[in-house]
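Visitor: Take this structure, written in structure tokens, and hold onto it; I'll ask about it next.
The values are calculated or read from the model by the stated rules, or taken from the named source; none is laboratory data. In this text, all values refer to a predicted model and were calculated from it rather than measured experimentally. Quick reminder, even Gly has a Cβ in these numbers, built from the backbone with ideal geometry, and neighbours come from all protein chains shown. With ligands, DNA and RNA removed, areas are computed over all heavy atoms of the protein, side chains included. Shrake-Rupley method; radii C 1.70, N 1.55, O 1.52, S 1.80 Å.
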Amino acid sequence: MATVELRFSALPEHVRTARLVAAAVARRAGVDESVLDELRLAVGEACSRAVALHQRNGVDGAVRVALTEQEKRFLIEVADEAGPAHAAGAAANGGDPEDEDALGLAVITGLVEDVEVGNGSDGGVIRMSWPVTPISVAV
Amino acid sequence: MDLSLSTRTVGDRTVVEVGGEIDVYTAPKLREQLVELVNDGNYHLVVDMEGVDFLDSTGLGVLVGGLKRVRAHEGSLRLVCNQERILKIFRITGLTKVFPIHNSVDEAVAATD
């Protein structure tokens, strides 16, 4: 089970909340301070993309962000309910630079070493993970 | 936390000072501002991003859109940014090759191609 799970209506105004929650949970899990900015950005990109897919496909539904603390990694999954992904990830190769989907994926893949763009039961899923630095004292 | 926008004219340039967060929620406001400026005949824009705390790909898309609009009128769009975390986003998307990025508004205003 995820350490913290967040579900929000696929609307742009909630993406900021998801970024802040993800960064807070990651910090607590022991993800290094130096990558928290990148993590926040990557989660924002994944959520923005999910929201855009919902809007483009004209479907309601929620975006699910699962934050899971593992022994050595901090795992983030962002799943949409926008229906079958239309060749998820295909836009990452080239395309119009104004295409925000392509730019968003470019940012994610540029920032995150361990990233996987796949399909879930109701739509696309982006899985990302970061190393956790062992901390001796957790307050 | 929200987006702040203000514009001023310096010589033949229009400086757009942006502050706060440019993301999927706030980027449309920046887009509207740039579209309005171009529609009003301001074709040489300097976007000052020193007060920006957060920028994502939606914001990048808006800036690219702005660049296309001014170029259609043989104009220019220059950015002012010294923040490493913001510059990094331009680098990983290859957009440092697309936008002239300056250290200060003075430098951007004085620059010519």
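Visitor: All but one of (1) within 11 Å of chain B (Cβ to nearest Cβ); (2) buried (at least 18 other Cβ atoms within 10 Å of the Cβ); (3) assigned to a helix (DSSP H, G or I); (4) modelled with pLDDT under 95 hold for A:LEU53; state the number of the condition that does not hold.
Guide: Every condition holds for A:LEU53 apart from (1).
Visitor: Filtering the range B:84-102 down to residues that are part of a loop (DSSP other than H, G, I, E, B) and out of contact with any strand residue (DSSP E or B) (no Cβ under 7 Å at 6 or more places or on another chain), which residue is most open to solvent (accessible area, probe 1.4 Å)?
Guide: From the range B:84-102, those part of a loop (DSSP other than H, G, I, E, B) are B:93-94, B:98-100; that's our starting set.
Add one more test, that the residue is out of contact with any strand residue (DSSP E or B) (no Cβ under 7 Å at 6 or more places or on another chain), and what stays is B:93-94, B:98.
Working: B:THR93: 29, B:GLY94: 22, B:VAL98: 53 Å².
Here the residue is B:VAL98.
Visitor: Let me ask something else. Evaluate the following for B:SER76: is it over 9 Å from the mean Cα position of the chain (by Cα), of a type in the set (S, T, N, Q) and either under 18 Å from B:LYS29 (Cβ atoms) or at the interface with chain A (Cβ under 9 Å from one of its Cβ atoms) (or both)?
Guide: On the way: over 9 Å from the mean Cα position of the chain (by Cα): yes; of a type in the set (S, T, N, Q): yes; either under 18 Å from B:LYS29 (Cβ atoms) or at the interface with chain A (Cβ under 9 Å from one of its Cβ atoms) (or both): no.
For B:SER76, the condition - over 9 Å from the mean Cα position of the chain (by Cα), of a type in the set (S, T, N, Q) and either under 18 Å from B:LYS29 (Cβ atoms) or at the interface with chain A (Cβ under 9 Å from one of its Cβ atoms) (or both) - is not met.
Visitor: Mind checking which residues of the range B:27-82 are touching a Gly at 6+ places or on another chain (Cβ under 9 Å), among the polar types (S, T, N, Q) and in a loop (DSSP other than H, G, I, E, B)?
Guide: B:ASN42
Visitor: I'd like to verify a number: residues in the range A:4-35 that are within 13 Å of the chain's Cα centre (by Cα), part of a helix (DSSP H, G or I) and hydrophobic (A, V, I, L, M, F, W, C), how many?
Guide: Residues meeting the conditions: 7.
Visitor: Just one of the numbered conditions (1) under 12 Å from the mean Cα position of the chain (by Cα); (2) more than 19 Å from B:VAL38 (Cβ to Cβ); (3) open to solvent by 30 Å² or more (accessible area, probe 1.4 Å); (4) of a type outside the set (Gly, Ala, Ser) is not true of B:VAL105; which one?
Guide: Of (1) under 12 Å from the mean Cα position of the chain (by Cα); (2) more than 19 Å from B:VAL38 (Cβ to Cβ); (3) open to solvent by 30 Å² or more (accessible area, probe 1.4 Å); (4) of a type outside the set (Gly, Ala, Ser), only one is false for B:VAL105: (3).
Visitor: Then there is this: Would you confirm whether any residue within the range A:67-83 is more than 29 Å from A:ALA29 (Cα to Cα), more than 14 Å from every other protein chain (Cβ to nearest Cβ) and either modelled with pLDDT under 95 or open to solvent by 60 Å² or more (accessible area, probe 1.4 Å) (or both)?
Guide: To start, the set of residues in the range A:67-83 that are more than 29 Å from A:ALA29 (Cα to Cα) comprises A:82-83.
Still in the running and more than 14 Å from every other protein chain (Cβ to nearest Cβ): A:82-83.
This time we only want the ones that are either modelled with pLDDT under 95 or open to solvent by 60 Å² or more (accessible area, probe 1.4 Å) (or both), so: A:82-83.
Taking every residue of the range A:67-83 in turn, at least one turns out to be more than 29 Å from A:ALA29 (Cα to Cα), more than 14 Å from every other protein chain (Cβ to nearest Cβ) and either modelled with pLDDT under 95 or open to solvent by 60 Å² or more (accessible area, probe 1.4 Å) (or both).
Visitor: A follow-up question, please. What number of residues in the range B:48-68 are surrounded by fewer than 19 Cβ atoms within 10 Å (Cβ to Cβ) and over 16 Å from B:LEU95 (Cα atoms)?
Guide: Total meeting the criteria: 3.
Visitor: I'm trying to understand the selection: among the residues of the range B:103-113, which are free of Cβ contacts under 8 Å to residues at least 40 places away in the same chain and assigned to a helix (DSSP H, G or I)? Break it down stepwise before answering.
Guide: Start the filter on the range B:103-113 by keeping residues that are free of Cβ contacts under 8 Å to residues at least 40 places away in the same chain, which leaves B:103-104, B:106-107, B:110-113.
Scanning the range B:103-113 gives B:ASP106, B:GLU107, B:ALA110.
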